[in-house]
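K.L.:
Here's a structure for you.
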């Protein structure tokens, strides 16, 4: 392993065996926090709280300072750098085995307690100065170490090493006098060493100590130890141990395991029900069994388990009476003494558990009615329920729900490696990644595929991946041939559906995904919205879908593949009609949203195909509602384009690409735009649609220019010009010449930009296109500024502003305000420029144009600085940094540099251009 990280002691980083120096101060705090949460995003606000423990002096500046601190940390780590940037924060992206804390936990999970404790080199992160870090994040590690020490002592006691433990346990009870577990172990060790009197004396000592210090009696573990000592020859109390072994290849799920333990810790003896939920094959039972094994020593009075068979395809759900009788027999009640009536059985069951510390695992419950009679009546037991249903009735009476999701990629790959073998997976890492992707992170699917690979060592992993890649054959490839196969597991939930929900589930195969909303489901199935909502809710209850937000449901590819197998029996024309409806829903809904924020879209010669019968498009009420819908559905819209292109709906794919051009441009999603334009171009070439191809070339030039490829942008636009000329399309020629003006301006040739702008204006006036006229006049104003003709720039700018306001075009108005402000700024009238820049930035923000808002804020900062108001300049740049997640890295880097050298920098050049080709 090239790089190792150690936190169980002083912070230590080694790369290829050599120490890596991490500078003192914030860098060590940052690295420590990221390592303690390795492979999980730590929000930027949390890191700010760690770096400034009493709060940052300037909250707006803190994020920028944090980013600079991260850059310094990365430089200090050099080749050992593992710090990654993620949405909203930062993450240490490491191989978990490279971190001693992870190895410690893995060894504990494997029962190798001595090896785990040997990894500790002292107090964790003892050389990192941060009270907050140590209080909130390091202190719990001490508890983990003590818990591991307790388990190691238990293992030694079980191995008969009682006498060898006495000195250590006396020292531990001295250092931790209120930790009952060590006292209980000391009592056991003394008793096992034939020192019964000393064992009773130790119990009396701790009982007195607890009464004096806490006003409490000894807890269950101490009472059990005392009972063993005094009982000697008395009959043993029946302690059930019914929990099956967890799967041998269980990996990961650390967060969920910790959350369950935290629930147990907070219960303070009260009955707490944690409903562990998730779809079939997600690993609910495996998680429950793994956790039960982890906390077994917390339940000295036994562990009960029953499979309630709530969704068993071959057997009816387990009768509650049968479950109660099994529990009573496990608790030592003779069969002939078990009452006949279920109510009496439940009463006896609760009586047997009263005052005892017992873990009860109720696996695969169908509904709350199957669970409620099996809940203990006392306050000392912990009940763990797994089900595909949400069991809302249990939550209402105090259950704590824990939803289980698919496995993260890192854990999924570890599962495959554990089953197949590291040497084999190491030879085909790409195939392993592909298998993980195809299995959708579903543990049962991963285990099934991995087992097949392990049983057939001659199979190449790539060949298995190829087999799974065929969606229609995927379920056959994953089927293990018995009821535990993926097909059988998923069928359990499917067979419990109503006819309405089952039809909706089968149609999921033609939905573009990854999230389905109630309105899109209504169009998909051609049913009223209320009926669609009811069907989706039923699917969510059985975890064939997951409600990720009100009215929005997620599903992964494996469930889609299973839905396809069930849909094979449906008439093909029904599936085709459903596909056309849902694709039409997204296209027309997107058009309605874009038309709301960009009225120019409704003036284009491009005309959409009508909605298919049974589909109804979404109509946003205003601009904010339109942006909310676009933001929510953005991933689905990208998938819609791809699915349309793949299923013979190329025209729809092109129309969706054209519709979303405004969104891509305003949000700076250039690479997404290029990908969709590529799909559209393939359609246009295949169908010989010259008008579409010309427009695609024009749009491609904008995206290519913004992604830093001006040569390709010019080539695309020149092809578009030729095509528009051949079609005699003056509107298109206006767009193309405006695009050429944009290219020339960014190439530093404002005179050529002005010439193209004037030609564009002629074409737009000829066809009576007011949006094009106003937008081009705004661009021409900017070109005059670049040429130093500020009076002409202001004249043209104010004419354009009048037209934009007459058209009610907020985006165009914001653009021309920026250009007017720039003319004033370059002419030396900085105070006037500030007003225009502020108004422009506000309008861009209202129109959802993040990229342009950021650019105008930079212009505002320059004008404020020129006026000598450094504080206002910094505030403007701080607002830009708040938008950094949506901006290009080079732009953000420029803003960071401006912030860091603001006091010494004179007003500089104008980053970014707004003479953008009309889309």
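K.L.:
If you check 258, 297, 301, 265, which single one turns out to be at pLDDT 85 or above, farther than 22 Å from residue 370 by Cα, in a helix (DSSP H, G or I) and over 26 Å from the mean Cα position of the chain (by Cα)?
P.N.:
297
K.L.:
Evaluate the following for residue 31: is it buried (at least 19 other Cβ atoms within 10 Å of the Cβ) and either under 22 Å from residue 119 (Cα atoms) or touching a residue at least 60 places away in the same chain (Cβ under 8 Å) (or both)?
P.N.:
yes
K.L.:
Looking only at the range 651-660, decide whether some residue is under 18 Å from residue 853 (Cα atoms) and surrounded by fewer than 22 Cβ atoms within 10 Å (Cβ to Cβ).
P.N.:
No, the range 651-660 contains no residue that is under 18 Å from residue 853 (Cα atoms) and surrounded by fewer than 22 Cβ atoms within 10 Å (Cβ to Cβ).
K.L.:
Hey, another quick one. Taking the stated definitions as given, is residue 805 in contact with a helix residue (DSSP H, G or I) (Cβ under 8 Å, 6 or more places away or on another chain), free of Cβ contacts under 8 Å to residues at least 24 places away in the same chain, in a helix (DSSP H, G or I) and over 22 Å from residue 898 (Cα atoms)?
P.N.:
So residue 805 passes the test.
K.L.:
Right, next: Whether any residue in the range 575-595 is out of contact with any strand residue (DSSP E or B) (no Cβ under 6 Å at 6 or more places or on another chain), under 23 Å from residue 438 (Cβ atoms) and in contact (Cβ under 8 Å) with a residue 40 or more places away in the chain is what I want to check.
P.N.:
Yes, the range 575-595 contains a residue that is out of contact with any strand residue (DSSP E or B) (no Cβ under 6 Å at 6 or more places or on another chain), under 23 Å from residue 438 (Cβ atoms) and in contact (Cβ under 8 Å) with a residue 40 or more places away in the chain.
K.L.:
Let me ask another. Scan the range 415-433 residue by residue and report those that are surrounded by 22 or more Cβ atoms within 10 Å (Cβ to Cβ) and over 15 Å from residue 459 (Cα atoms).
P.N.:
Passing the criteria: only 415.
K.L.:
Still on this structure: Quick one: which helices (runs of 4 or more DSSP H) sit completely within the range 607-683 and have at least 3 residues that are closer than 25 Å to residue 846 by Cβ and out of contact with any helix residue (DSSP H, G or I) (no Cβ under 7 Å at 6 or more places or on another chain)?
P.N.:
Of the helices (runs of 4 or more DSSP H) lying wholly inside the range 607-683, those with at least 3 residues that are closer than 25 Å to residue 846 by Cβ and out of contact with any helix residue (DSSP H, G or I) (no Cβ under 7 Å at 6 or more places or on another chain) span 623-646.
K.L.:
When you look at residue 728, is it at pLDDT below 95 and out of contact with any helix residue (DSSP H, G or I) (no Cβ under 9 Å at 6 or more places or on another chain), yes or no?
P.N.:
Yes; evaluated as a whole, the condition is true for this residue.
K.L.:
Can you say whether residue 12 is under 20 Å from residue 138 (Cβ atoms), in the same structural domain as residue 120 (by TED's automatic domain parsing) and modelled with pLDDT under 85, as far as the supplied structure shows?
P.N.:
no
K.L.:
Does residue 606 count as at pLDDT below 90, farther than 28 Å from residue 856 by Cβ and more than 28 Å from the chain's Cα centre (by Cα)?
P.N.:
yes
K.L.:
Residue 276 versus (1) modelled with pLDDT of 90 or more; (2) closer than 30 Å to residue 41 by Cβ: which is the lone unmet condition?
P.N.:
Only one criterion is unmet by residue 276, namely (1).
K.L.:
Taking the range 379-411 as the search range and keeping residues that are in a helix (DSSP H, G or I) and in contact (Cβ under 8 Å) with a residue 40 or more places away in the chain, which one is surrounded by the fewest Cβ atoms within 10 Å (Cβ to Cβ)?
P.N.:
Residue satisfying both the conditions and the ranking: 395.
K.L.:
Further, regarding this structure: Does the range 51-70 include one or more residues that are touching a residue at least 12 places away in the same chain (Cβ under 8 Å) and touching a strand residue (DSSP E or B) at 6+ places or on another chain (Cβ under 7 Å)?
P.N.:
Yes; the residues of the range 51-70 include at least one that is touching a residue at least 12 places away in the same chain (Cβ under 8 Å) and touching a strand residue (DSSP E or B) at 6+ places or on another chain (Cβ under 7 Å).
Residues checked against (1) crowded, with 16+ Cβ neighbours inside 10 Å; (2) outside the structural domain of residue 323 (by TED's automatic domain parsing); (3) at pLDDT 90 or above:
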| residue | (1), (2), (3) |
| --- | --- |
| 174 | no, yes, yes |
| 210 | yes, yes, no |
| 215 | no, yes, no |
| 224 | yes, yes, no |
| 237 | no, yes, no |
| 241 | no, yes, no |
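K.L.:
Output the number of the condition that residue 544 fails; it satisfies all remaining conditions of (1) surrounded by fewer than 20 Cβ atoms within 10 Å (Cβ to Cβ); (2) assigned to a loop (DSSP other than H, G, I, E, B); (3) in the same structural domain as residue 491 (by TED's automatic domain parsing).
P.N.:
(1)
K.L.:
Over 10 Å from residue 128 (Cβ atoms), in contact with a helix residue (DSSP H, G or I) (Cβ under 8 Å, 6 or more places away or on another chain) and surrounded by fewer than 17 Cβ atoms within 10 Å (Cβ to Cβ): does that describe residue 4?
P.N.:
So residue 4 does not fit the description; no.
K.L.:
So, one more: Of the numbered conditions (1) surrounded by fewer than 19 Cβ atoms within 10 Å (Cβ to Cβ); (2) at pLDDT 75 or above; (3) within 26 Å of the chain's Cα centre (by Cα); (4) more than 25 Å from residue 619 (Cβ to Cβ), residue 509 satisfies every one except a single condition; which is it?
P.N.:
Result: residue 509 fails condition (1) only.
K.L.:
A follow-up question, please. Considering each of 89, 84, 78, 9 in turn, give the residue that is under 25 Å from residue 255 (Cα atoms) and in contact (Cβ under 8 Å) with a residue 60 or more places away in the chain.
P.N.:
9
K.L.:
Here is a follow-up. Condition (residue is surrounded by 17 or more Cβ atoms within 10 Å (Cβ to Cβ), under 29 Å from residue 90 (Cα atoms) and in contact (Cβ under 8 Å) with a residue 60 or more places away in the chain) applied to the range 828-848: is it met by at least one residue?
P.N.:
Yes; the residues of the range 828-848 include at least one that is surrounded by 17 or more Cβ atoms within 10 Å (Cβ to Cβ), under 29 Å from residue 90 (Cα atoms) and in contact (Cβ under 8 Å) with a residue 60 or more places away in the chain.
K.L.:
Report yes if some residue within the range 742-757 is within 23 Å of residue 606 (Cβ to Cβ), crowded, with 16+ Cβ neighbours inside 10 Å and in contact (Cβ under 8 Å) with a residue 24 or more places away in the chain; otherwise report no.
P.N.:
Within the range 742-757, one or more residues are within 23 Å of residue 606 (Cβ to Cβ), crowded, with 16+ Cβ neighbours inside 10 Å and in contact (Cβ under 8 Å) with a residue 24 or more places away in the chain.
The values are calculated or read from the model by the stated rules, or taken from the named source; none is laboratory data. This is a predicted model, so every value here is computed, not measured. Don't worry about glycine lacking a Cβ; one is built from the backbone with ideal geometry, like all the others, and counts go over all protein chains shown.
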